[in-house]
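Okay, structure first, notes after.
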Amino acid sequence: MATCTSRKIVLERPSMLIPRRLRYALRFLCIGRIVLCAIASGSIDWPKVEEDCRRAIELDNNSLKAHYMLGLALLQRQEFVEGIKELQKALDLGRANPESNMVEEIWQEVAKAKYVEWENASSKRSWELQNLKEACEAALKEKHFLDDTQTEGFVDEFDTSHLEQLKVLRRVFREAAEADTPTEVPDYLCCKITLDILRDPVITPSGVTYEKAVILEHLQKVGKFDPITREPLNQSQLIPNLAIKEAVQAFLDKHGWAYKTD
């Protein structure tokens, strides 16, 4: 009788025999495959993805896919700060693992989220600046009218003063808007092969800085030499260029439009 009962339990609730940690890990891996395949279709239950990712992170805080998909789920709710934070965590985990093949994919998602975040903030700043500019112009016009009614014989002088003030005002607002105006990324912040802004820069003994993934691919598929100087080069000679990495981040923090990847 005890044997039959045990067998019945196994048939009805097999998951009870699987350790809780492993059960959630297996469930998460299954969901992970579904999400990665279904992102393009838009048929994802994002709240469920968020729930499972949070549970997976509780069990393993170094789960790259959990942080990655949690970031995507948060972005679906327009939670840009937290979403980008999770994507950045996934990116750091990917870069720390030489065997990871998701770094580029994660970076693309980070860049898209950062660009949308900048675009929203830029639109708000532009609207606020325009309103302030119009208010200032109206105030100058009113001041000019009041001064004009109280002054006789100096009309030309006051007209000239008013025009000069308008020019200064417009210049100030034009300069204020320049930070949100896309220009060219400085050459020293770009990979010498792809000409794209650097993400994970490394420097060679020759002093040339490349994107790490790009120069590694060159060494593996083209040859063991520096593509610019043609001098012999091995992977072990590549050194992270932390100064340029900091400069790139400072530039991106100030010019969010540079996150645009297409």
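Here's the yes/no breakdown for (1) small (G, A, S); (2) part of a loop (DSSP other than H, G, I, E, B); (3) in contact (Cβ under 8 Å) with a residue 24 or more places away in the chain:
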site	(1), (2), (3)
N62	no, yes, yes
A66	yes, no, yes
M69	no, no, yes
R95	no, no, yes
E104	no, no, yes
Here is a check on your reading of the model: is K245 in contact (Cβ under 8 Å) with a residue 40 or more places away in the chain, out of contact with any helix residue (DSSP H, G or I) (no Cβ under 6 Å at 6 or more places or on another chain) and surrounded by 15 or more Cβ atoms within 10 Å (Cβ to Cβ)? yes
Those residues of region 195-207 that are surrounded by fewer than 18 Cβ atoms within 10 Å (Cβ to Cβ) and in contact with an Asp or Glu (Cβ under 6 Å, 6 or more places away or on another chain) come to a total of 1
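Look at S126 and say whether it is at pLDDT below 95, under 30 Å from R171 (Cα atoms) and surrounded by fewer than 21 Cβ atoms within 10 Å (Cβ to Cβ).
On the way: at pLDDT below 95: yes; under 30 Å from R171 (Cα atoms): yes; surrounded by fewer than 21 Cβ atoms within 10 Å (Cβ to Cβ): yes.
Answer is yes for this residue.
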Every residue from region 193-240 that is of a type in the set (D, E, K, R) and either under 22 Å from I106 (Cβ atoms) or touching a helix residue (DSSP H, G or I) at 6+ places or on another chain (Cβ under 9 Å) (or both): D196, R199, D200, E211, K212, E217, K224, D226
Please go through region 175-185 and pick out each residue that is at pLDDT 90 or above and either more than 24 Å from E119 (Cα to Cα) or surrounded by 12 or more Cβ atoms within 10 Å (Cβ to Cβ) (or both). V185
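Of the residues I215, I228, only one is in a loop (DSSP other than H, G, I, E, B) and farther than 24 Å from E117 by Cα; which? Don't jump to the end; show me each part of the working.
Values: I215 fails: in a loop (DSSP other than H, G, I, E, B).
The conditions single out I228.
The values are calculated or read from the model by the stated rules, or taken from the named source; none is laboratory data. Bear in mind the structure is a predicted one, so any value in this text is a computation, not a measurement. Here Cβ is always computed from backbone atoms with ideal geometry, including for glycine, and neighbour counts include all displayed protein chains.
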